[in-house]
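The values are calculated or read from the model by the stated rules, or taken from the named source; none is laboratory data. Keep in mind that what you see is a predicted model, and the values were worked out from it rather than measured. A quick note on method: Cβ atoms are made from the backbone with ideal geometry, for glycine too, and the neighbour counts reach across all protein chains shown. Surface areas here come from the heavy atoms of the whole protein model, side chains and all, with no ligands, DNA or RNA. Shrake-Rupley method; radii C 1.70, N 1.55, O 1.52, S 1.80 Å.
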Amino acid sequence: TSWHAALVGKFMIEELARIPVEVDYGSEFRYRNPIVTGRSLAVAITQSGETADTLAALREAKGKGARTLAVCNVVGSMAT
């Protein structure tokens, strides 16, 4: 699942780059008022690229000043 892929990415980035990483479900991200700055990168991992919660999380991160990146297997989807 996307959640497990994100956890693997978290472990790899923290181990190799020594950069702290947080993983959230898209449906929960916007409700916890995350600390996001202009130096943050929000990475959305989505299969369809059209899931409403994931798109809302991307908009929330972007609205708080983060750069965003979507990992998706559908070219031309809303997330990409």
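General remarks:
- Where segment 28-76 is the region considered: accessible area per residue in Å², 1.4 Å probe: 69 Å²
- For segment 3-43: rounded, prolate or oblate by the Cα gyration tensor [a/c cutoff 1.5]: oblate
- The modelled label-to-label distance between Arg67 and Thr1, using points 7 Å beyond Cα along the C-beta direction, is 3.0 nm.
- Loop-located trypsin sites (Lys or Arg not before Pro) in segment 23-80 whose Cβ has at most 12 other Cβ within 10 Å (DSSP): Arg32, Arg39
- Accessible area of the chain belonging to carbon and sulfur atoms, whole % at 1.4 Å probe: 57 percent
- For segment 1-79, the list of GluC sites (Glu not before Pro) that fall in a loop by DSSP and count at most 14 other C-beta atoms within 10 angstrom reads Glu22, Glu50.
- Lys/Arg +1, Asp/Glu -1 at C-beta; the chain dipole; positive extreme among Pro20, Gly65, Tyr31: Gly65
- Of the chymotrypsin sites (Phe, Trp or Tyr not before Pro) found in segment 1-58, the ones in coil according to DSSP and having at most 15 other Cβ atoms within 10 Å of their Cβ are Tyr25, Tyr31.
- Under-5 Å amide H pairs with Thr68, H placed in peptide plane, nonlocal only: Ala42
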